[in-house]
């Protein structure tokens, strides 16, 4: 018996539906990161940049660019993916989706692919905006793109899990606002963790976001607080954990079929 063919049309239907929602608010969705990034450079540039000119030989304004991109990528990935799958559960159309000739992989690919596209678009807009304020050099462009795709896919799957777990729209905000955003600010987005005194520096190393931000920063400037191999390993581990959890959700029907 031959394996079922890949349902490309079904994946594209989910992808286009999710992207249509993004395109309806395109200018608002792109204007917000432009304004926010500009404010970061105005505030941080005047308040901190004048006192801390360089970190590891990198101009402070340039140093925070990867952190800004990651901060936006995390929140956008989680929000878009969680909202995308939570809406069918809220309206009851999730049963039509489950009865469609789509595998679990194809369903997740459609939702995660659309959410990742939105998040990466916003991250690239932030990069273009930051380039107007500071000089940015990407020493490893191919690795930068690979890291960007991997992290976006990881957090979109995490957002998919949050969307399945949440019982209401209020719970959709708990994880990104109360957990991910604080961990990102404490993960070296705007400073080097080497600047922290002990034992805070050791405690910071238990924050997984540290490795994602530093790995991404390494692709820009070739320097980071932790080794690139460690950063890549931690990122892949988080990706695999999210992938396993999504597979478990579809295998058990957790909050999908109930």
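The values are calculated or read from the model by the stated rules, or taken from the named source; none is laboratory data. As the structure is a computational prediction, the values presented were derived from the model and not from experiment. Cβ: placed from backbone, ideal geometry, glycine included. Neighbour counts: every protein chain shown.
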Filter result (more than 15 Å from residue 105 (Cβ to Cβ) and under 22 Å from the mean Cα position of the chain (by Cα)) within the range 241-255: 241
Checklist (1) under 14 Å from residue 66 (Cβ atoms); (2) in a loop (DSSP other than H, G, I, E, B) applied to residue 126, failing item: (2)
All positions within the range 205-216 that are surrounded by fewer than 17 Cβ atoms within 10 Å (Cβ to Cβ) and touching a residue at least 12 places away in the same chain (Cβ under 8 Å): 205, 208
Hits in the range 233-258 (condition: surrounded by 14 or more Cβ atoms within 10 Å (Cβ to Cβ), touching a residue at least 60 places away in the same chain (Cβ under 8 Å) and either farther than 18 Å from residue 82 by Cα or in contact with a strand residue (DSSP E or B) (Cβ under 6 Å, 6 or more places away or on another chain) (or both)): 235
Residue check for residue 202: part of a helix (DSSP H, G or I) and closer than 15 Å to residue 151 by Cα: no
The lone exception for residue 223 - which of (1) within 22 Å of residue 164 (Cα to Cα); (2) assigned to a loop (DSSP other than H, G, I, E, B) it fails: (1)
Matching option when the condition is under 19 Å from the mean Cα position of the chain (by Cα), buried (at least 19 other Cβ atoms within 10 Å of the Cβ) and under 14 Å from residue 63 (Cα atoms), among 184, 219: 219
Residue list for the range 133-175, restricted to those being surrounded by 14 or more Cβ atoms within 10 Å (Cβ to Cβ) and in a loop (DSSP other than H, G, I, E, B): 133, 134, 136, 138, 140, 166
Helices (runs of 4 or more DSSP H) (entirely within the range 17-112) containing at least 3 residues that are crowded, with 18+ Cβ neighbours inside 10 Å, at negative phi and at pLDDT 85 or above: 60-63, 65-91
Among residues of the range 3-23, those that are free of Cβ contacts under 8 Å to residues at least 60 places away in the same chain and under 20 Å from residue 126 (Cα atoms), counted: 1
